[in-house]
Amino acid sequence: GVLRPNPKAREVVAACKKAGYPVVLATNPIFPTVATESRIRWAGLEPEDFAWYTTYENIGYSKPNPAYYQHILTRLRQAEDCLMVGNDVDEDMGAAQQAGLSVFLLTDCLINREGKDITPYPQGDFDALMGFVQSWA
């Protein structure tokens, strides 16, 4: 299928910002800043929507290394005040939890290469994520 931007992503980012949370785009840093910013705009957002976003120029770790998340935390708050939202079971959930973050598994475009049990994670589509964010904030 053809991937299209989901306008609900922008709504979730806006809700987090309205609640006073700095929003970080923790994308695997395989692209330079200019490409990451293009990807952000393709998704219907602006680079300015994020307090920070990872690129290969600004971080020395990548997913699923817990040090990736620990480095991000040095720019933010305490881990217990942060929520990692991701759709990749291997790269987003376990390593983020090891770094002390709460997690939410976005099941839209779910990636679960090894067929792991996902029942331990709070999870759902963008609508469920919005509800989770609003109750978490």
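The values are calculated or read from the model by the stated rules, or taken from the named source; none is laboratory data. These figures come from a predicted structure and were not determined experimentally. With ligands, DNA and RNA removed, areas are computed over all heavy atoms of the protein, side chains included. Shrake-Rupley method; radii C 1.70, N 1.55, O 1.52, S 1.80 Å.
Quick notes on this structure:
- Karplus-derived 3J(HN,Hα) values for the stretch 50-55, using 6.51 cos²θ - 1.76 cosθ + 1.60 with θ = phi - 60°, are 10, 5, 6, 9, 7, 9 Hz; glycine and proline are entered as x.
- With an a/c value of 1.5 or above and a/b not larger than b/c for the gyration tensor axes a ≥ b ≥ c computed over the alpha-carbon atoms, the stretch 73-137 is described as oblate.
- Distance from the alpha carbon centroid of the stretch 21-39 to that of the stretch 58-132 works out to 15 angstrom.
- Counting protein heavy atoms only, the chain has 51 percent of its accessible area on carbon and sulfur, 1.4 angstrom probe.
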